[in-house]
Each structure stands twice: as C-alpha cells, then as structure tokens.
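Read through the structure below, which is laid out as structure tokens, and then see the notes.
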Amino acid sequence: MSMFGFLNPFSKTHSRYSFRLNDGGRERAGFKGGAGDCVVRSIAIAANLPYMQVYEDLRLANERYAQVKNDRLAKRLGIKGSSPRNGNHRNVFHDYILAQGFEWVPTMKIGAGCQVHLRPDELPDGVLIAKVSKHLTAIIDGVIHDTHDPSRDGNRCVYGYYIKKRQDLFGGA
C-alpha cells in the first residue's frame, strides 16, 4: 500500500502467498538462461516430476498434436517446432496435467469479471497449478513456487486451477 493508501477507502491489503524461488529442476537438467517454460516448470514442481521428463513428454505431445490435428495451432507447431521452450498451448498441456492426477477447476465465467485472485483466502489448500494471464504457477501448501512472484500483490486474476487429487487411505483415487 502506498504511503497515502489510508486516504483511499477502497484500498485494502489482501492475504498473500509466500514465495519460494524454484526453477523446477531446469538448471539441474542442463538448461541455461531464461525461457518461456512456465508450463514445464509448474508441472514438474506440482507433480514432483523431473524437469527433463516433463519437457520431453510435452515436446512429444506438441509433435503429435502437429501431426494429427489440422488447425492453426498445429500449423504453428509445424513452423516453429515442437520445443516446449517456444511455449505450450492448453490444447496440448491440459490432458497431460490431468493424466498426472490433477483436476481442472475453472474460476472465470464469461462476462462475470474476475471472481478469484491469486491469494490464499480465495484458493483451496493443497497442490495447485494456477492459470493466470499468459502464465502457469505452482502453489504447494500455501507457497508459490516459481522463478518470480506472479501474484501482483494478490491482485492477479486466476482463470482456473488444477488441483492434485488426494489419494484415499486405501490407495484408490
């Protein structure tokens, strides 16, 4: 809040997630420098998988999508290549995240505006991958794990989130 924030009756402080710098194992996998790899990183962190495994799985999924589909995304993947470093599209990563034991929970309705923000009092506890504008971020036990804090002081709108399904005591889903 700014120094004169108390003068604005509409300004309020929000609960905020803690932040932990976490590249999801990217550097350990031998990658250098920055990349648009938030999809790979957030899945590796939240699903507790090796970065390289997720990277390769998504590369192959991008490749398959480009070969099988005949839409604009498939054409773009054919031109730009299937590397997850070129970005990942929901058409490709959504099913992959679900296959890792997550469930998708949408939080936006058309025309309703932002209902849920990236803050702990508006999202459930557990292991989450939150979808915000042009970014995915992992949240584990109330802590954002990412290469930067994407919360915008708790004001960032959440379009939806993937939540890790809890296993029951008898080993079932």
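The values are calculated or read from the model by the stated rules, or taken from the named source; none is laboratory data. Here the structure is a predicted model, which means the values were calculated and not measured. Quick reminder, even Gly has a Cβ in these numbers, built from the backbone with ideal geometry, and neighbours come from all protein chains shown.
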(message) Being free of Cβ contacts under 8 Å to residues at least 24 places away in the same chain, in contact with a Ser or Thr (Cβ under 8 Å, 6 or more places away or on another chain) and either among the aliphatic types (A, V, I, L, M) or surrounded by fewer than 12 Cβ atoms within 10 Å (Cβ to Cβ) (or both) is the requirement here; does residue 44 meet it?
(response) no
(request) Filter region 90-136 down to the residues that are among the basic types (Lys, Arg) and more than 14 Å from the chain's Cα centre (by Cα), then identify the one that is modelled with the highest pLDDT. (result) 119
(message) Of the residues 109, 131, 75, only one is touching a strand residue (DSSP E or B) at 6+ places or on another chain (Cβ under 8 Å) and basic (Lys, Arg); which?
(response) 131
(message) Show the residue pairs meeting these rules: Cβ distance below 7 Å; 6+ apart or different chains; first residue within region 52-67 and closer than 16 Å to residue 41 by Cβ and β-branched (Val, Ile, Thr); second residue surrounded by 18 or more Cβ atoms within 10 Å (Cβ to Cβ) and modelled with pLDDT of 90 or more.
(response) 54/40; 54/43; 54/44
(request) Please specify each residue of region 75-129 satisfying the condition of being touching a Leu at 6+ places or on another chain (Cβ under 6 Å) and within 19 Å of residue 154 (Cα to Cα). (result) 129
(request) Could you check how many residues of region 30-72 are within 21 Å of residue 144 (Cβ to Cβ), aliphatic (A, V, I, L, M) and either over 16 Å from the mean Cα position of the chain (by Cα) or assigned to a loop (DSSP other than H, G, I, E, B) (or both)? (result) 3
(request) Would you mind telling me which numbered condition in (1) at pLDDT 95 or above; (2) out of contact with any Gly (no Cβ under 8 Å at 6 or more places or on another chain); (3) not in a strand (DSSP E or B) residue 152 fails? (result) (1)
